[in-house]
């Protein structure tokens, strides 16, 4: 896949770079923290821009082999900033141009996550609703704290969660997705795990450590292999069965010819650690 196409900095009124999305790196894992607890880390215009900006940088950072995405404060993310959306209605077109641009930018962010070479793990607590639930569904994996609530509840306020539906319906069975979308009801973390929206549910006091452990396990693998595998994973999902096998077979041929793959197999046969060059 081509690199992410764009990114843009977010500035506050005083010209300083916003700290809306913090980044901490350790051991090949980058932890991104949405840092707007006052509005539960809503996907405001600034938050969307800051997240995309971080992803663009990570796309070219080969020192990072896994990413954790989490939210500061009481919640992961409640979705779009409704106050910003309502303010856009004051324009001459009633907000049409703004709404089109907003959903285009949000959709670009959601598509950028699976395109990133590193697996992205959502670390979820509190609530993940509407576009916040979409964000969880767009991540490659997810770990949730007990008690977390998920919903695509826009229908409750007269706005069907049409774009969140895209990611949600690619994560969970269609009848359950449509029930969530049409009733506006919430599911708890345990139900989200059963349906496939999250990988595992853990006690809240173990959320950080469990998400970090999963990320470190991924980061401990050969980065180039995880990258080619993640790319092939999403590509084959869009193909028919025969094309998917042809595509992934060609991917495995390419992978087999790598020096590090030769070394990894030989090391396994000789019962020694591999000497990967990366």
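Here are a few things to note about the model shown:
- Seen against the Cα atoms of the chain and their longest principal axis, helix 223-237 is set at about 60 degrees.
- Share antiparallel - DSSP beta bridges, region 16-128, percent rounded to 5: 35
- Cα gyration tensor shape for region 21-219, rounded if a/c is under 1.5, else prolate or oblate: oblate
- Prolate/oblate/rounded call for region 67-106, Cα gyration tensor, a/c under 1.5 rounded: oblate
- Each of 125, 176, 247 was scored by other Cβ atoms within 10 Å of its Cβ. Arranged with the fewest first, they read 247, 176, 125.
- Counting other Cβ atoms within 10 Å as a rough exposure proxy, the listed residues 127, 228, 187 run 228, 187, 127 from fewest neighbours to most.
- With bins 5 Å wide beginning at 0, the percent of Cα pairs of region 223-269 falling in each bin runs 5, 21, 26, 21, 14, 9, 4, 0.
- The angle between the Cα long axis of helix 259-269 and the longest principal axis of the Cα atoms of the chain comes to about 60 degrees, rounded to the nearest 10.
- Ranked by the mean number of other Cβ atoms within 10 Å of their residues, highest first, the peptides 151-157, 206-212 fall in the order 151-157, 206-212.
- Shape call, region 159-239: gyration tensor on alpha carbons, a/c limit 1.5: oblate
- Across the chain, C-alpha contacts under 8 Å between residues 6 or more apart give a mean separation that, scaled by the residue count, equals a relative contact order of 15 percent.
- Among 130-139, 194-203, the peptide with the highest mean count of other Cβ atoms within 10 Å heads the list, and the full ranking is 130-139, 194-203.
No value in this document is a laboratory result; all are computed from the given coordinates. Please read these numbers as outputs of a predicted model, since none were measured by experiment. Here Cβ is always computed from backbone atoms with ideal geometry, including for glycine, and neighbour counts include all displayed protein chains.
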